[in-house]
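Participant: Pasting a structure below so you can have a look.
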Amino acid sequence: MHYERLAEESRLARRTVADALEVLRKFVGFTATDRAKIRIDLLKLPSSEVAELVNLEFAVALENKTYFVSLRTNAASRIEQPRKRRPLIGCCDFAK
């Protein structure tokens with residue numbers, strides 16, 4: 001599997017999932033029948049705070065490739081250190 005980040009230079013301008021979906025539509029032809037996942041990774045900062053890194057993930061099986069579109073991360077998205085990991089409940093499809 002190969003991985004590619006799309007439009008990273010404009011990451012700071014993206015604030016919503018809709019903004020990230022627009023990048024997928026523009027660069028890889030994402031359509032209403034496609035599915036993407038929201039992925040939130042935690043990054044521990046030197047200050048011991050934890051920041052959330054939010055990415056939209058779109059796997060294209062025929063190309064053996066996964067595309068990532070990052071959303072802006074700022075002080076408002078920092079969270080306290082989680083005490084324990086909670087299981088994912090449910091799943092959402094984000095297609096227009």
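Here, each number is a calculation from the coordinates, and none is a lab measurement. What you are looking at is a predicted structure, and each value in this text was computed from that prediction instead of being measured. All Cβ positions, even for glycine, are placed from backbone atoms using ideal geometry, and neighbour counts span all protein chains on display.
Participant: Could you give the dipole magnitude of segment 2-79 about its Cα centre, charging the beta-carbon of Lys and Arg +1 and that of Asp and Glu -1, in debye to the nearest 20?
Facilitator: On the way: 13 positive and 11 negative charges, 25 e Å.
The calculated dipole for segment 2-79 is roughly 120 debye.
Participant: Inverting the mean 1/r over all pairs of different Cα atoms, compute the Kirkwood radius of segment 2-79 and quote it in Å.
Facilitator: Radius from the Kirkwood sum: 13.2 Å.
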